[in-house]
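The values are calculated or read from the model by the stated rules, or taken from the named source; none is laboratory data. Please read these numbers as outputs of a predicted model, since none were measured by experiment. Glycine also receives a Cβ, built like all others from the backbone with ideal geometry; neighbour counts cover every protein chain displayed.
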Amino acid sequence: MDEDLTEAAHRPEEHVSGGVPSWLAAALNYCSRCGAALRFGSIDGDHRERLACSACGFVAYVNPRLVVTTLPITEGGEVVLLRRGIEPGYGFWAQPGGFLEIDETVREGAIRETLEETGLLVEPGEIVGLYSRTQAAVVVVAFEARIVGGALRANPEALEFGTFAPEAIPWPEIAFRTSTWALRDWVRRVRPDLHPELLREQPAV
């Protein structure tokens with residue numbers, strides 16, 4: 001999952017005008033219409049500062065990106081995770097996922113990302129949860145998914161794969177906060193008898 005393509009996840013929560021993270025604002029310099037400089041400022045009829053062109057007045061709205069992920073579940077009730085082979089989160093565990101493409105539904109994107117990163121063909125079911133990371137400028141949707149085909153295959157994004165029962169998830173080795181939140185919500189649904197102490201470890205990133 002590439003929810004934090006920059007090193008934003010490692011930085012303190014820092015925002016500039018309009019609630020835009022500083023790392024993202026630094027990359028937004030010029031108007032896409034006329035090429036003039038973009039500046040934060042007040043916009044008529046709006047309660048917050050917006051990034052707008054200093055010449056033509058075009059407003060460049062900055063919105064979070066949508067990340068689609070799955071928790072692939074085996075017939076035995078275990079969740080499939082991958083040990084990340086790229087940064088951020090190199091060497092830590094996460095569920096498969098990535099950015100939604102412009103011409104996909106969320107389910108189509110989740111199926112594609114899971115196939116690309118694991119080799120598994122899945123059928124997304126219920127949404128486990130929706131999670132926001134304002135500093136990373138993402139909204140993450142996590143589906144519980146049934147494995148309907150394919151086979152785990154090596155790829156540059158995964159060092160290895162693992163299947164974990166709810167009571168055996170390696171919480172201290174989970175890569176992202178959003179992954180931890182999704183896994184916790186899934187565990188609470190399928191194993192509500194597990195002691196809350198098992199779900200308190202913090203994610204690595």
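Test LEU51 against the criterion of being assigned to a strand (DSSP E or B), at pLDDT 95 or above and aliphatic (A, V, I, L, M), and give yes or no. No. For region 132-173, a tally of residues being within 20 Å of GLU116 (Cα to Cα) and either buried (at least 19 other Cβ atoms within 10 Å of the Cβ) or not assigned by TED's automatic domain parsing to the domain that holds PRO96 (or both) returns 9.
Table: residues versus (1) within 27 Å of TRP23 (Cα to Cα); (2) at pLDDT below 95.
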position	(1), (2)
PHE92	yes, no
ARG107	no, no
LEU115	no, no
GLN135	yes, yes
VAL141	yes, no
GLU144	no, no
GLY149	no, no
LEU159	no, no
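What residue, among those in region 38-48 that are small (Gly, Ala, Ser) and part of a loop (DSSP other than H, G, I, E, B), is surrounded by the most Cβ atoms within 10 Å (Cβ to Cβ)?
Only one residue fits best here, namely SER42.
Residues in region 51-70 that are in contact (Cβ under 8 Å) with a residue 60 or more places away in the chain and either buried (at least 21 other Cβ atoms within 10 Å of the Cβ) or more than 30 Å from VAL128 (Cβ to Cβ) (or both): VAL67, VAL68, THR69, THR70.
When the residues of region 121-131 are filtered to those that are surrounded by 21 or more Cβ atoms within 10 Å (Cβ to Cβ) and closer than 14 Å to ALA182 by Cα, the one that is nearest to the chain's Cα centre (by Cα) is TYR131. Is there a residue in region 94-110 that is part of a helix (DSSP H, G or I), within 18 Å of LEU152 (Cβ to Cβ), assigned by TED's automatic domain parsing to the domain that holds THR178 and touching a strand residue (DSSP E or B) at 6+ places or on another chain (Cβ under 6 Å)? Yes - at least one qualifying residue is present in region 94-110. Taken residue by residue, region 12-23 has at least one member that is farther than 28 Å from ARG112 by Cβ, charged (D, E, K, R) and at pLDDT below 80. Taken over region 92-104, the criterion of being buried (at least 24 other Cβ atoms within 10 Å of the Cβ) and over 20 Å from TYR131 (Cα atoms) is satisfied by no residue.
Per the listing GLY35, GLY89, GLY77, the residue uniquely assigned to a loop (DSSP other than H, G, I, E, B), touching a residue at least 60 places away in the same chain (Cβ under 8 Å), surrounded by fewer than 13 Cβ atoms within 10 Å (Cβ to Cβ) and at positive phi is GLY77. Every listed requirement among (1) farther than 21 Å from THR74 by Cβ; (2) out of contact with any Ser or Thr (no Cβ under 9 Å at 6 or more places or on another chain) is met by VAL141 save one, (2).
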